[in-house]
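Let me begin by presenting the structure, written as structure tokens, before commenting on it.
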Amino acid sequence: MFRQFLRALEPVRNSLSRGVVGNGAGATGSKFEQNCVSKEQQLTEALKKSLPGTTYVSVEDISGGCGAMFEISIEAKEFSGLSRVKQHRLVTDSLKEEIAGMHGIRIHTNPTPDSK
């Protein structure tokens, strides 16, 4: 019975999703997915710009697609000799404007192995 109900709603669901998914220019995924990728790229570029000694950076949306919470793993020469708190401050200072619109952020930092 539940399956029949879902089948009955499928035309409505399809018409609603057409208005949200894609922009007609060959875009893949939903607007939420596109926003997440662009937000992840935006955060990655901001980190690389503010910390030029970055050797590894990974930014992942862990909020389920809404872009409210991110997990950042970063390795940079700038972290050498700094406490973990100071390393995290460098990251949060680099992303101050972006963090203002987030619900939360997880940060994992490591100094570049060569700079230890």
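Each reported figure results from applying straightforward, stated rules to the coordinates on display, with no laboratory input. The structure displayed is predicted, hence computed values, not measured ones. Every residue, glycine as well, gets a Cβ built from its backbone with ideal geometry; the counts of neighbours run over all protein chains shown.
If I model a spin label as a point 7 Å beyond the Cα along the Cα-Cβ vector, how far apart are those points for residue 110 and residue 55 in nm?
Inter-label distance under the simple model: 1.0 nm.
What is region 30-115's relative contact order, in percent, from Cα pairs under 8 angstrom and six or more apart in sequence?
The normalised contact order for region 30-115 reaches 31 percent.
Amide H neighbours of residue 68 under 5 Å, counting only residues 5+ apart in sequence or on other chains, H built in-plane at 1.01 Å?
63
Of all the Cα-Cα pairs you can form in region 30-115, what percent are over 18 Å apart?
38
Sequence-distant or interchain residues sharing an amide H contact under 5 Å with residue 54, placed H: which?
Close amide H contacts, sequence-distant or interchain: 77.
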